[in-house]
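Student: First, the structure itself, so that you have it in front of you.
The values are calculated or read from the model by the stated rules, or taken from the named source; none is laboratory data. Because the structure is predicted, anything quoted here is derived from the model rather than measured. Because the Cβ atoms are built from the backbone with ideal geometry, glycine has one as well, and the counts that use them run over all protein chains shown.
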Amino acid sequence: MARKDGRPDIGKMSFEEALEELKEIVSTLESGEGRLDEAIEAYERGAALKRHCEAKLREAQEKIEKISLESGAQVKTEDFDAG
C-alpha cells in the first residue's frame, strides 16, 4: 500500500525492500543532490527505514532456534541467544 506521496508504507515493507530504499536514500544524500528540505525529508525516511530493518532483524533472530543433539540422538531445540 502506497502513501499519499506514492512511496510504500514502511511498516508493510519487507526487510529487503526497506534496505534497498535505504541504500538509495544514502546514495542520494551522499551525492549532495537536491534541495535541503528534500534532504531532510529523505534523512527522516531513512532513519525510519533503518529502525524498520533493525526490528525485522530482531524478529528473525527471535525465530532462530539452535538445534542440538541430546544423548540418544534425540533432536532438541533451544531459543537462539545472541548474547
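Student: Across the stretch 38-52, what is the total count of residues that are without any contact (Cβ under 8 Å) to a residue 12 or more places away in the chain and not small (Gly, Ala, Ser)?
Tutor: Of the residues in the stretch 38-52, 5 are without any contact (Cβ under 8 Å) to a residue 12 or more places away in the chain and not small (Gly, Ala, Ser).
Student: Let me ask something else. Picking from 37, 9, 81, which residue would you name as being surrounded by fewer than 11 Cβ atoms within 10 Å (Cβ to Cβ) and at pLDDT below 90?
Tutor: Matching residue, one of 37, 9, 81: 81.
Student: Could you check how many residues of the stretch 42-57 are among the aliphatic types (A, V, I, L, M) and farther than 14 Å from residue 23 by Cα?
Tutor: Of the residues in the stretch 42-57, 2 are among the aliphatic types (A, V, I, L, M) and farther than 14 Å from residue 23 by Cα.
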